[in-house]
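**Student:** Please read through the structure below; I'll follow up with questions.
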């Protein structure tokens, strides 16, 4: 009898409670990537063809910096690059000339060496024939003079050949220097072209312009904020759930989203990810509970929720809107499961 009363009491107390297969919070807001566009170069703005809250597409012109100075710098860099290229061509031509000189000096050296070899051979033969009177002393003296002359000429030609080789090595160094100068000039030209390109400030994404911060005629510096672009309708929701509610939240779970400013309209999404720490941990001044009196505060964990892109009305969602999110966790005890468990528990007690 007592068990029956306990069973009936438990069912009467618990059964009216709905099946808790979801968690809900109204501490949730629409978010989007806010892209601040800044100037990369200095100069006066000659055109700002945008207005506040204007829809733009990727590549649309947002602002134009006066580019006359930058065009002149490009022309100057182009001229320096052309000079460097001409210097490289001259160095390569000089290299070819030096190679010809080395080859000519080597050929002359080989020819003179052969002539000296013949003179040395005649010198030996003449000296062998001198005792027999087959040759005269004058002929022997002449061949001796030829050997000395050819030896001196050979030494001179060898020196010329070595000098030609040295000049060829120097021409190689000149080529390397000319190539380095050309590379530096081309890099400078590329940088000037990049700066010229930065005079046209364009939108990197499709979206909507927020407030424009510049007007024609203003002087902008590197880093000056031009405008903010919100890549609508690519938005998501960040919902802050209490730490006691995140136990069964998993990526991929279905989410129902109600927007305060769009009553009667529901959006569908899914859980993308759960932040690895509570929001308080990312605060500029995190709370320090190690000192003073401690008061327990329930922490909240941000959950990122992505929206189903097939929803046509998603374009009406704007960053900053307050929403109410319900994550369908599909976990917990159902009514039947609870009754079965309670019945088994009571049977074990009887």
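**Student:** Going 7 Å from the Cα of residue 153 in the Cα-to-Cβ direction, what parts of segment 89-120 have a backbone nitrogen less than 20 Å from that spot?
**Tutor:** 102-120
**Student:** Related question: What is the order of 325, 222, 256, fewest Cβ neighbours within 10 Å to most?
**Tutor:** Ascending Cβ contact count within 10 Å gives the list 222, 256, 325.
**Student:** Restricting the calculation to Cα positions, tell me the Rg (one decimal) and the Dmax (whole number) of segment 69-198 in Å.
**Tutor:** Considering segment 69-198 through its Cα atoms, Rg and Dmax are 28.2, 97 Å.
**Student:** As a footprinting exposure proxy, order 95, 296 by other Cβ within 10 Å, with the fewest listed first.
**Tutor:** Lowest count first: 296, 95.
**Student:** A further question on this structure: Taking the Cα centroid of segment 59-95 and of segment 146-200, what is the distance between the two, rounded to the nearest whole Å?
**Tutor:** Centre-to-centre (Cα) distance: 24 Å.
**Student:** For segment 158-249, what percent of Cα pairs sit more than 19 Å apart?
**Tutor:** 73
**Student:** When 157, 57, 242 are ordered from fewest to most other Cβ atoms inside 10 Å of their Cβ, what list results?
**Tutor:** Exposure proxy ranking, most exposed first: 57, 242, 157.
Read-outs throughout are calculated quantities, based only on the coordinates presented, and are distinct from any laboratory measurement. Bear in mind that the values here come from a model prediction, so they are computed numbers and not experimental data. As a convention, Cβ positions derive from the backbone with ideal geometry for all residues, glycine included, and neighbour counts pool all protein chains shown.
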